[in-house]
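A.B. asks: Please read through the structure below; I'll follow up with questions.
The values are calculated or read from the model by the stated rules, or taken from the named source; none is laboratory data. What you see is a predicted model, and the numbers here were worked out from it, not measured in a lab. A quick note on method: Cβ atoms are made from the backbone with ideal geometry, for glycine too, and the neighbour counts reach across all protein chains shown.
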Amino acid sequence: MKYIDEYRNQKLARSVVGELQRIQTRPWVIMEVCGGQTHSIVKHGIDFLLPEGIELVHGPGCPVCVTPLETIDKAHAIAARPGVIFCSFGDMLRVPGSAGDLFTLKSQGADIRVVYSPLDCLKIARANPEKQVVFFAIGFETTAPANAMLVHRARQEGVKNASILVSHSLVPPSITYILQSPQNRVQGFLGPGHVCTIMGYREYEPIADRYKVPIVITGFEPLDLLQGTLMVVRQLEAGEARVENQYSRVLGRDGNVPARKLVNSVFEVSDRKWRGVGWISKSGYKLRWEYREHDAERLFAVKEIDTKEPAICISGQILKGIKKPHDCPAFGTLCTPQTPLGATMVSAEGACAAYYAYGRHLRPHKETEKSAGTTMGGAA
Amino acid sequence: MCLAIPGKVLEEFEKGGLRMAKVQFGGIVREAALDYVPDAKVGDYVLVHVGFAISKVDAIEAERTYQLLEEMDQLTELKAPVVDEISARKPQ
């Protein structure tokens, strides 16, 4: 069955690429927003398969990457306190802060635990009433319902020793920010499939309309990404700018209504800083006042930490689609997943880390890659 | 990080005020909350993100996506330790 599927996929992939070649009249720059999509594109060499002149640039949608260094330092400071059990998704443990990463802190004796779900923190808090249990609540809109449920249940059940350190980002303000940049190159977007599974895609419609960009909500599999690209290019070639849904087998225009409802009752929109990029207005969540007893920043009153990012790092320009990993002199030399200098190298879903993981740092230049890729594409 | 993993709902139960399920992902069974997909029932396939079902999917779609995520080494979140009443008390 699997082989038949693979055969079918290859045939379909070839026909999508053929159609792209047929309709394309000029170069286009398209951004995939989500880090999971970036990982899939680089892993499967989707960008190599595309015809010359259709360029994919990699967006800001990796929550681990865009969590500011200051927040990682705050997490470190809270986790190092006696009487604290600090819980996190595994991805955050290896991200270096100014004073080392959480994994090292754990090996030095801090009680830091990797959890599968935010709900695990409730169990840990109930079992350890004498301790403060803090969850590192990072994520985009996809993860917000899970994090919201943790504080909602904690409040309902009166679990007073459970709190969250919030670092939540929102996609629509970030793509608006990219489109408003004078250096913007992005002409169309592959929208984030799982973010829209929660949020739906109504809020993308005014963006497509105002900035005259096609936005196609797209899944994560190679064929999804190829098909999403084709849908964007079709619109671009026809001079259209609408929101379309490539991922309709999973999501609809309104998203997940019960999840959105709980998120809105627990969080409110706030300004936030994105690592590598800076402050973007109304681009994140903070806890509503009613939930202040579960707000770790309030409980631990960690003072503002001054941080400095290496001047050489160009991750901000990469996240905005202005540059690519190869444009950075430190990529693959000074900066690797073991010694990351900035946002796009700290998580496997960051553009630099994905390029590195699949050996692209070993190739001299992106143009060489593309021409090598075209041959690969032809042979596929 | 925003990936959601498809799995099959094996059984439903109520815990801590939430509608929970045992969900099978390939050879791994983990718990997931069904509160955000109220119409999901035993036998259905759901997309699960950090312990919460966020959408229903059909069986063929679920199988294909799971295989792909496995090939892409994107199932690490399922390998996080199980927290139960006993393990919750001690550091990992």
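A.B. asks: In the list A:Thr142, A:Thr104, which residue meets the criterion of being within 24 Å of A:Val277 (Cα to Cα) and among the polar types (S, T, N, Q)?
C.D. replies: Details: A:Thr104 fails: within 24 Å of A:Val277 (Cα to Cα).
Answer to the check: A:Thr142.
A.B. asks: If I ask for residues that are assigned to a loop (DSSP other than H, G, I, E, B) and either buried (at least 21 other Cβ atoms within 10 Å of the Cβ) or at pLDDT 95 or above (or both), which ones from segment A:224-272 would you list?
C.D. replies: Let us first name the residues in segment A:224-272 that are assigned to a loop (DSSP other than H, G, I, E, B), namely A:239-242, A:246-256.
Within segment A:224-272, A:Gly239, A:Glu240, A:Ala241, A:Arg242, A:Gln246, A:Tyr247, A:Val250, A:Leu251, A:Arg253, A:Asp254, A:Gly255, A:Asn256 qualify.
A.B. asks: Considering only residues of segment A:246-301 that are of a type outside the set (D, E, K, R) and at positive phi, which is farthest from the chain's Cα centre (by Cα)? Show your work before the answer.
C.D. replies: Within segment A:246-301, the subset of a type outside the set (D, E, K, R) is A:246-248, A:250-252, A:255-259, A:262-267, A:269-270, A:274, A:276-281, A:283-285, A:287, A:289, A:291, A:294, A:296, A:299-301.
Next, only the ones that are at positive phi stay: A:255, A:276, A:278, A:301.
Working: A:Gly255: 19, A:Gly276: 13, A:Gly278: 16, A:Ala301: 28 Å.
Of everything passing the filter in segment A:246-301, A:Ala301 is farthest from the chain's Cα centre (by Cα).
A.B. asks: Out of the residues in segment B:83-92 that are facing chain A (nearest Cβ under 8 Å) and outside any loop (DSSP other than H, G, I, E, B), which is surrounded by the fewest Cβ atoms within 10 Å (Cβ to Cβ)?
C.D. replies: Quick first cut of segment B:83-92, residues facing chain A (nearest Cβ under 8 Å) only: B:83-85, B:88-89, B:91-92.
Then drop every residue that is not outside any loop (DSSP other than H, G, I, E, B), which leaves B:88-89.
Working: B:Ala88: 19, B:Arg89: 11.
Taking the candidates together, the pick is B:Arg89.
A.B. asks: So A:Tyr116 clears everything in (1) touching a helix residue (DSSP H, G or I) at 6+ places or on another chain (Cβ under 9 Å); (2) surrounded by fewer than 24 Cβ atoms within 10 Å (Cβ to Cβ); (3) part of a loop (DSSP other than H, G, I, E, B); (4) more than 7 Å from chain B (Cβ to nearest Cβ) except one condition, right? Which one?
C.D. replies: (4)
A.B. asks: Moving on. Taking segment A:287-317 as the region of interest, how many residues are out of contact with any Asp or Glu (no Cβ under 6 Å at 6 or more places or on another chain) and closer than 25 Å to A:Ala144 by Cβ?
C.D. replies: Matching residues across segment A:287-317 total 17.
A.B. asks: May I ask you to say which residue of A:Arg94, A:Arg26 is modelled with pLDDT under 95 and basic (Lys, Arg)?
C.D. replies: It is A:Arg94.
A.B. asks: Restricting attention to segment B:65-92, report how many residues are at pLDDT 85 or above and among the polar types (S, T, N, Q).
C.D. replies: 1
A.B. asks: Now for a different question. Tally time: how many residues in segment A:126-144 are over 16 Å from the mean Cα position of the chain (by Cα) and farther than 15 Å from A:Asp295 by Cβ?
C.D. replies: 6
A.B. asks: Could you pull out the residue among A:Glu141, A:Glu221 that is crowded, with 19+ Cβ neighbours inside 10 Å, out of contact with any strand residue (DSSP E or B) (no Cβ under 6 Å at 6 or more places or on another chain), of a type in the set (Asp, Glu) and modelled with pLDDT of 95 or more?
C.D. replies: Values: A:Glu221 fails: modelled with pLDDT of 95 or more.
Of A:Glu141, A:Glu221, the one residue that is crowded, with 19+ Cβ neighbours inside 10 Å, out of contact with any strand residue (DSSP E or B) (no Cβ under 6 Å at 6 or more places or on another chain), of a type in the set (Asp, Glu) and modelled with pLDDT of 95 or more is A:Glu141.
A.B. asks: Restricting to segment A:325-338, name every residue that is crowded, with 23+ Cβ neighbours inside 10 Å and not in a helix (DSSP H, G or I).
C.D. replies: First, pick out the residues of segment A:325-338 that are crowded, with 23+ Cβ neighbours inside 10 Å: A:325, A:328, A:331, A:335.
If the condition is that a residue be crowded, with 23+ Cβ neighbours inside 10 Å and not in a helix (DSSP H, G or I), then A:Cys328, A:Phe331, A:Cys335 are the ones that fit.
A.B. asks: Just to verify a result, which residue in segment B:25-45, among those that are touching a helix residue (DSSP H, G or I) at 6+ places or on another chain (Cβ under 8 Å), of a type outside the set (D, E, K, R) and touching a residue at least 24 places away in the same chain (Cβ under 8 Å), is surrounded by the most Cβ atoms within 10 Å (Cβ to Cβ)?
C.D. replies: This residue is B:Tyr45.
A.B. asks: While we're here: Could you figure out which of (1) out of contact with any strand residue (DSSP E or B) (no Cβ under 7 Å at 6 or more places or on another chain); (2) touching a residue at least 12 places away in the same chain (Cβ under 8 Å); (3) surrounded by fewer than 18 Cβ atoms within 10 Å (Cβ to Cβ) isn't true of A:Pro82?
C.D. replies: Going through (1) out of contact with any strand residue (DSSP E or B) (no Cβ under 7 Å at 6 or more places or on another chain); (2) touching a residue at least 12 places away in the same chain (Cβ under 8 Å); (3) surrounded by fewer than 18 Cβ atoms within 10 Å (Cβ to Cβ) one by one, A:Pro82 breaks only (2).
A.B. asks: Something else about it: Take segment A:181-223 and flag every residue that is in a helix (DSSP H, G or I), within 14 Å of chain B (Cβ to nearest Cβ) and among the β-branched types (Val, Ile, Thr).
C.D. replies: Step one: of segment A:181-223, the residues in a helix (DSSP H, G or I) are A:193-199, A:202-211, A:222-223.
Filter once more, keeping what is within 14 Å of chain B (Cβ to nearest Cβ): A:193-199, A:222-223.
Result: A:Val195, A:Thr197, A:Ile198.
A.B. asks: A:Glu157 passes all but one of (1) within 18 Å of the chain's Cα centre (by Cα); (2) within 14 Å of chain B (Cβ to nearest Cβ); which number fails?
C.D. replies: Unmet condition: (1).
A.B. asks: So in segment A:88-113, with the set limited to residues that are under 28 Å from A:Val263 (Cβ atoms) and more than 22 Å from the chain's Cα centre (by Cα), which one is farthest from the other protein chains (Cβ to nearest Cβ)?
C.D. replies: A:Ile112
A.B. asks: Considering only segment A:125-154, state which residues are at the interface with another protein chain (Cβ under 8 Å from one of its Cβ atoms), in contact (Cβ under 8 Å) with a residue 24 or more places away in the chain and part of a helix (DSSP H, G or I).
C.D. replies: Result: A:Arg126, A:Pro145, A:Ala146, A:Met149, A:Arg153.
A.B. asks: Condition first: within 8 Å of chain A (Cβ to nearest Cβ) and in a loop (DSSP other than H, G, I, E, B). Now tell me which residues in segment B:56-77 satisfy that. It would help to see each step written out before you state the result.
C.D. replies: Taking segment B:56-77 and keeping what is within 8 Å of chain A (Cβ to nearest Cβ), we get B:57-58, B:61, B:64-65, B:67-68, B:72, B:74, B:76-77.
Scanning segment B:56-77 gives B:Asp58, B:Met72, B:Gln74.
A.B. asks: Moving to a separate point now. Can you say whether B:Val37 is within 11 Å of chain A (Cβ to nearest Cβ), in contact with a Ser or Thr (Cβ under 8 Å, 6 or more places away or on another chain) and at pLDDT 85 or above, as far as the supplied structure shows? Step through it out loud before you land on a result.
C.D. replies: Numbers: within 11 Å of chain A (Cβ to nearest Cβ): yes; in contact with a Ser or Thr (Cβ under 8 Å, 6 or more places away or on another chain): yes; at pLDDT 85 or above: yes.
Considered against the rule, which asks whether it is within 11 Å of chain A (Cβ to nearest Cβ), in contact with a Ser or Thr (Cβ under 8 Å, 6 or more places away or on another chain) and at pLDDT 85 or above, B:Val37 comes out as yes.
A.B. asks: If you check B:Ala80, B:Ala53, B:Ala4, which single one turns out to be within 7 Å of chain A (Cβ to nearest Cβ) and buried (at least 24 other Cβ atoms within 10 Å of the Cβ)? Give the derivation first.
C.D. replies: Working: B:Ala80 fails: buried (at least 24 other Cβ atoms within 10 Å of the Cβ); B:Ala53 fails: within 7 Å of chain A (Cβ to nearest Cβ).
Only one candidate qualifies: B:Ala4.
A.B. asks: Would you call A:Leu122 over 24 Å from the mean Cα position of the chain (by Cα) and either assigned to a loop (DSSP other than H, G, I, E, B) or over 20 Å from A:Thr339 (Cβ atoms) (or both)?
C.D. replies: Working: over 24 Å from the mean Cα position of the chain (by Cα): yes; either assigned to a loop (DSSP other than H, G, I, E, B) or over 20 Å from A:Thr339 (Cβ atoms) (or both): yes.
Here the answer is yes, as A:Leu122 does meet what is asked.
A.B. asks: Another question about this same structure. In segment A:23-66, how many are of a type outside the set (Val, Ile, Thr), more than 14 Å from every other protein chain (Cβ to nearest Cβ) and more than 22 Å from A:Met92 (Cα to Cα)? Let's see the steps before the verdict.
C.D. replies: Keep residues of segment A:23-66 that are of a type outside the set (Val, Ile, Thr), which gives A:24, A:26-28, A:31-32, A:34-37, A:39-40, A:43-45, A:47-53, A:55-56, A:58-63, A:65.
Next, from what is left, pick out any that are more than 14 Å from every other protein chain (Cβ to nearest Cβ): A:24, A:26-28, A:31, A:47-53, A:55-56, A:58.
Next, from what is left, pick out any that are more than 22 Å from A:Met92 (Cα to Cα): A:24, A:26-28, A:31, A:47-53, A:55-56.
Residues that pass the stated criteria total 14.
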